[in-house]
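Structure first, then comments.
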Amino acid sequence: MHPSPVASHSQFLPKENSMTPTSELELSDMIKATKGPLRIVGGGTRPIGRVVGEALSTAALSGITLHEPGALTLVARAGTPVAEIEATLATQNQRLAFEPMDHRALMGTTGQPTIGGVVAANVSGPRRISVGACRDFLLGVRFVDGAGNIVKNGGRVMKNVTGYDLVKLFAGAYGTLGVLTEVSFKVLPAVEAETTLALSGLDDATAIRAMSAALGSPFEVTGVAHDPAQALTHFRLEGFAASVAYRAKEISKLLAPFGATQDTQGDWAAIRDVTAFAGKSGDVWRISVKPSDAAALSEKIGADAVQYDWGGGLIWALCPVGTDVRAAMGNTAGHATLIRGAGQTFHPEPAPLAAISTGLRAKFDPRGVLNTGIMG
Amino acid sequence: MQMPIPDASVIDRKDQIVARLLAVLPKTAVIADVVETRAYECDGLTAYRCPPMCAVLPTTTDEVAAVLRICHEMDVPVVPRGSGTSLAGGALPTADCVILGVAKMNGVIETNYDDRYIRVQTGRTNLSVTGAVEADGFFYAPDPSSQLACAIAGNIAMNSGGAHCLKYGVTTNNLMGVTMVMMDGTVVEIGGAHMDAGGLDLLGVICGSEGQLGVVTEATLRILPKPEGARPVLMGYDSSEVAGQVVTDIIKAGVLPVAIEFMDRPCIEATENFAHAGYPMCEALLIVEVEGSDAEIDAQLALIMKIAAKHNPVELREAKDADEAGRIWLGRKSAFGAMGQINDYMCLDGTIPVSELPYVLRRISEMSKEFGLDVGNVFHAGDGNMHPLILFDANKEGDLELCEEFGAEILKLCVEVGGCLTGEHGVGIEKRDLMHVQFSKADLEAQMAVKDVFDPKWLLNAAKVFPLDASEPRRVA
Ligand SMILES: Cc1cc2nc3c(=O)[nH]c(=O)nc-3n(C[C@H](O)[C@H](O)[C@H](O)COP(=O)(O)OP(=O)(O)OC[C@H]3O[C@@H](n4cnc5c(N)ncnc54)[C@H](O)[C@@H]3O)c2cc1C
Ligand SMILES: Cc1cc2nc3c(=O)[nH]c(=O)nc-3n(C[C@H](O)[C@H](O)[C@H](O)COP(=O)(O)OP(=O)(O)OC[C@H]3O[C@@H](n4cnc5c(N)ncnc54)[C@H](O)[C@@H]3O)c2cc1C
């Protein structure tokens, strides 16, 4: 049962006659020749309802082009399945540290999430709170803009301030500035040990205070999430086994005023993928606020269920269809994205910022042919 | 170094412009006297100097907006300035410009430990941001060596790094929001205490834009709890190949040190003569620092020492206490000063893939012989950010030019092996004309298109970053 999803995913998978370029040059020629509009499709696991146009698939722009474990770098073409990247990294005991989420359960879609789709949506999971977002690990991009120009920015080295950082601009641009053809990442070593502590019975505001206490300690928690439905607050520690054991003990002591912690089998994939909302009817919102505003805001939005990640900085809310979460936010600083449901996907920006964003889109896609209308 | 011909039609209107500025700023905040403007004639790249037409030192965002509105209306170029420590000439004035210095705007606006951020005015120095929170057990992670002097304004504009960014990232990874004044005087708020952008990641492109997109007046910065402790080890090797392999092996082993610093023989010799840190005389010296509790540090260092020992070190020294730790860092921290004792030097900043380290070091020493100029290498090895220091004599005819030529060859080499021209210092004027080496015409057009949107008249710091021939159609339009 997937109530509000806007369209069946099959509509977004490449069709027989869809555009499936096999090289950057071919892609450039196709874009130059098209009158548009074009709908960029990676794995199609997160279709966006309002986008119309011919499907442009990145499926044939696939493959890892470089993995240098000693330099912690990986370069891959945009259509490469995330699963392939994770498997390759695993052979060297490495991983994508920002923990990209798998949307298939929540969205009721099938298909293979691609690394280009992850970058286009700047997808980051629970570890974002300690190590940073997808954009923080992205070292370089290659893309073809809306006029067919082939452009590169950044590179494959960890420190690079040569010219403007268009890499960040493209992370989370949802394909509105260009079609990504290749992305390069800083990757991190996988860890020897992981453990999760849980506190139970806390109300939302108290849970957020507990999460803040952990995040404000030197003991390096790498995931802090609260699920009000079960009244469970989770704290994840990762690293070398002895260090994890030591820090778990210290975190327990630190959290004593909030109750006794228990060792649990933390299901961070479920937290990451918000599987608790999968198959439940209603709109799904993803709200970014500062943690200390989160509990009060949750009360105001009239959700059927909420889940907190990032120490409270990220609220996932399952709301009755048509709920206006943004109106409820009022002056609370932050933004709300409608991940599942019919309505405006992205939080409207203040006029001066909207003008800049519109200006940038007009420069990179002067004819307005790429993913037109996704971001406004 | 070529600079655009100053616009006489601006300089001719100096009196009018100054009068307008005086109408929106206190008298002491406008510096128009030709002697006093000399204080702003250069930044850390002292080889190039040019006093500005005038300088202003506003104290509020509103004053900044008022200044920019006037300059926009009167078509006056503006060069933003923090503390003037740029090594790339980023804050170098043009003769027809207004220097807009934010040094007087150095307050703390808000600290929030629950949500782990601090909001400051951008004239505040990097070190005093940490100073404002360290009593409460927090710190601001990016730590450029210039942190005592440089301002958050310049850090944001250059996306500055530091010795500890292997673990904590550079400025862009620790910047959450800014208040910025656009060239036309519009004040925009971007990001804030919450995470990630709602729309396009404008913050990401503003960071590192070298003062060309707007004047940043306030910033929200991520602060972190201080680690329980930190400790370095020192290791010496007979060849840079082996040292490079040690770096790779440590990284592959899954330890994430906060810093891995590298020095070569010329640099070791210079610092030994200067600081007497007791370093071994060898081809390559590494300093590796890890953090955590005492037991965690012991465990990580044991692993690192095991890897280090496998590669036949000439010396392996673990700091037992703060005193020994201080001595291990002493030489590294005085490296620039030590090289400066020998002669004038130019500090390069290219980054290379770590695997190319031995090859690049070998090529640099070969080129050093060809050019007849000595080079010392000291750099952040963990992330491949090199700092070759080329020695030259500023008083010797043609030596600066020779040194610049040599520097350009090294940077071209960095790009050739898959790296870039600058890892943390920025392009400024210094690497401006080498941008063609790294970028195609389309690559540069895409970047300049961003400036077109933020600053359509190309009034903000326009003679920097982009090769003059590439930016000319826009600058003179
Ligand atoms: C509005 C929206 C909000 C989202 N918010 C989050 C979030 O907050 N957290 C999270 O973890 N995940 C989020 N996602 C999900 C994320 O998009 C998917 O997890 C990921 O994109 C899966 O990859 P895919 O290949 O299936 O992408 P697809 O579903 O094929 O594409 C996702 C988006 O990226 C664009 N795109 C795909 N490939 C390219 C390319 N090569 N170049 C340019 N654009 C491309 C598509 O046009 C589409 O807009 C969101 C998705 C959308 C649409
Ligand atoms: C001894 C020494 C050591 C150094 N070590 C390091 C190091 O380890 N790592 C590193 O990254 N750098 C280092 N640097 C370089 C330099 O300190 C950094 O680039 C620093 O960030 C510059 O800050 P500043 O405030 O001095 O900026 P300035 O030199 O005043 O300006 C730098 C740039 O920022 C722009 N700018 C200034 N204020 C604003 C504003 N309000 N809004 C928009 N743009 C603005 C200017 O126009 C200019 O382009 C070092 C420099 C020296 C002299």
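Only residues that are without any contact (Cβ under 8 Å) to a residue 60 or more places away in the chain and either within 16 Å of ligand 1 (Cβ to nearest atom) or within 14 Å of another protein chain (Cβ to nearest Cβ) (or both) were counted across segment B:93-112, and they come to 1.
For B:Asp115, the criteria (1) more than 14 Å from chain A (Cβ to nearest Cβ); (2) modelled with pLDDT of 95 or more hold in every case but one, which is (1). Note on segment A:110-127: among residues that are modelled with pLDDT under 90 and touching a Pro at 6+ places or on another chain (Cβ under 7 Å), the one that is nearest to ligand 1 (Cβ to nearest atom) is A:Val123. Identification of helices (runs of 4 or more DSSP H) wholly contained in segment A:268-366 with 1 or more residues that are closer than 30 Å to A:Val179 by Cα and at the interface with chain B (Cβ under 10 Å from one of its Cβ atoms) yields A:351-364.
Name the residue that is surrounded by the fewest Cβ atoms within 10 Å (Cβ to Cβ), counting only residues in segment A:278-337 that are farther than 16 Å from B:Met195 by Cα and of a type in the set (Val, Ile, Thr). Among those that are farther than 16 Å from B:Met195 by Cα and of a type in the set (Val, Ile, Thr), it is A:Val321. Look at (1) more than 22 Å from A:Phe170 (Cα to Cα); (2) facing chain A (nearest Cβ under 9 Å) and you find that B:Gly185 fails only one, number (2).
Here B:Arg119 passes the criteria (1) more than 19 Å from B:Thr422 (Cα to Cα); (2) touching a residue at least 24 places away in the same chain (Cβ under 8 Å); (3) part of a helix (DSSP H, G or I) except the one numbered (3). Residue count for segment A:128-167 satisfying the condition of being in contact with a Phe, Trp or Tyr (Cβ under 9 Å, 6 or more places away or on another chain), more than 13 Å from ligand 1 (Cβ to nearest atom), of a type in the set (Gly, Ala, Ser) and closer than 30 Å to A:Thr233 by Cβ: 1.
Scan segment B:321-354 for residues that are within 14 Å of chain A (Cβ to nearest Cβ) and either assigned to a loop (DSSP other than H, G, I, E, B) or in contact with a helix residue (DSSP H, G or I) (Cβ under 6 Å, 6 or more places away or on another chain) (or both) and jot them down. Once the filter is applied, which keeps residues that are within 14 Å of chain A (Cβ to nearest Cβ) and either assigned to a loop (DSSP other than H, G, I, E, B) or in contact with a helix residue (DSSP H, G or I) (Cβ under 6 Å, 6 or more places away or on another chain) (or both), segment B:321-354 yields B:Leu348, B:Asp349, B:Gly350, B:Ile352, B:Pro353, B:Val354.
One residue stands out among those in segment B:130-143 that are more than 9 Å from ligand 2 (Cβ to nearest atom) and under 17 Å from the mean Cα position of the chain (by Cα): the one that is surrounded by the most Cβ atoms within 10 Å (Cβ to Cβ), which is B:Tyr140. For segment B:144-162, the candidate set comprises residues that are more than 7 Å from ligand 2 (Cβ to nearest atom) and farther than 20 Å from B:Leu200 by Cβ; within that set, the residue that is surrounded by the most Cβ atoms within 10 Å (Cβ to Cβ) is B:Ile152. Per the conditions (1) within 11 Å of chain B (Cβ to nearest Cβ); (2) under 27 Å from A:Gln265 (Cβ atoms), the sole criterion not satisfied by A:His103 is (1). Does segment B:295-303 contain at least one residue that is within 16 Å of B:Leu361 (Cβ to Cβ) and either surrounded by fewer than 20 Cβ atoms within 10 Å (Cβ to Cβ) or within 29 Å of the chain's Cα centre (by Cα) (or both)? No, segment B:295-303 has no match at all. Considered as a group, the residues in segment A:86-100 that are away from chain B (no Cβ under 14 Å) and free of Cβ contacts under 8 Å to residues at least 24 places away in the same chain include one that is farthest from ligand 1 (Cβ to nearest atom), and that residue is A:Ala87.
The values are calculated or read from the model by the stated rules, or taken from the named source; none is laboratory data. Worth saying up front: this structure is predicted, and the values here are computed from it rather than measured. Every residue, glycine as well, gets a Cβ built from its backbone with ideal geometry; the counts of neighbours run over all protein chains shown.
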